[in-house]
Amino acid sequence: MTALIDRLDPGLKLAFGLSETSTAHVAVHTCSATGIMEASLKGVGPRVLCAVNGAFSKRWFEIAGLLGKDAVSIEADLGCAVSPAEIERARRKRDNQVRNMLSRGWGPSRIAKKLLISRQAAQQIVRRLANGAG
């Protein structure tokens, strides 16, 4: 695909602000921005933490949930950044929720229903916590 793009438009990298010597690749898609978001999210793991501070990031969070990801949002005012401390708090909060449910004997299906995530995402969190990660 890279060879085809290079042949069709040799100036494509420059048009996107890359230097002629850049090793980065430009991706051209024949779909909407939503299609690109979906394709990107399919390439990541089961957990997605979204800093929601506008329409684009809100859509990103919604698509992650629709794809069955364990999607968590951190809300911020329009255009404001989310601090690294807020991100770490959100990650720990989700892990603690799952640990508490496991300690009460809940299985992945019940956890998934309670957290509004897919059963697969719940199973992956349970496995990760069981292996001491997190």
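The values are calculated or read from the model by the stated rules, or taken from the named source; none is laboratory data. Bear in mind the structure is a predicted one, so any value in this text is a computation, not a measurement. Because the Cβ atoms are built from the backbone with ideal geometry, glycine has one as well, and the counts that use them run over all protein chains shown.
Within segment 73-126, the set of residues being among the polar types (S, T, N, Q) and within 16 Å of the chain's Cα centre (by Cα) comprises Ser73, Ser118, Gln120, Gln124. Condition test on Arg94, is it at negative phi, of a type in the set (Lys, Arg), in contact with a Leu (Cβ under 9 Å, 6 or more places away or on another chain) and surrounded by 11 or more Cβ atoms within 10 Å (Cβ to Cβ)? Criteria met by Arg94. Checked against (1) on the phi > 0 side of the Ramachandran plot; (2) in contact (Cβ under 8 Å) with a residue 24 or more places away in the chain, Gly17 meets all criteria but (2). Here is the figure for segment 102-124: residues that are over 15 Å from Cys50 (Cβ atoms), surrounded by 13 or more Cβ atoms within 10 Å (Cβ to Cβ) and in contact with a Lys or Arg (Cβ under 7 Å, 6 or more places away or on another chain) total 2. For segment 35-71, the tally of residues that are modelled with pLDDT under 90 and basic (Lys, Arg) stands at 3. Among the residues of segment 42-90, the ones that are in a strand (DSSP E or B) and among the basic types (Lys, Arg) come to 1 in all. Looking across segment 102-133, the residues that are under 23 Å from Lys42 (Cβ atoms) and in contact (Cβ under 8 Å) with a residue 24 or more places away in the chain come down to Leu115, Leu116, Ile117, Ser118, Gln120, Ala121, Ala122, Gln124, Ile125, Val126.
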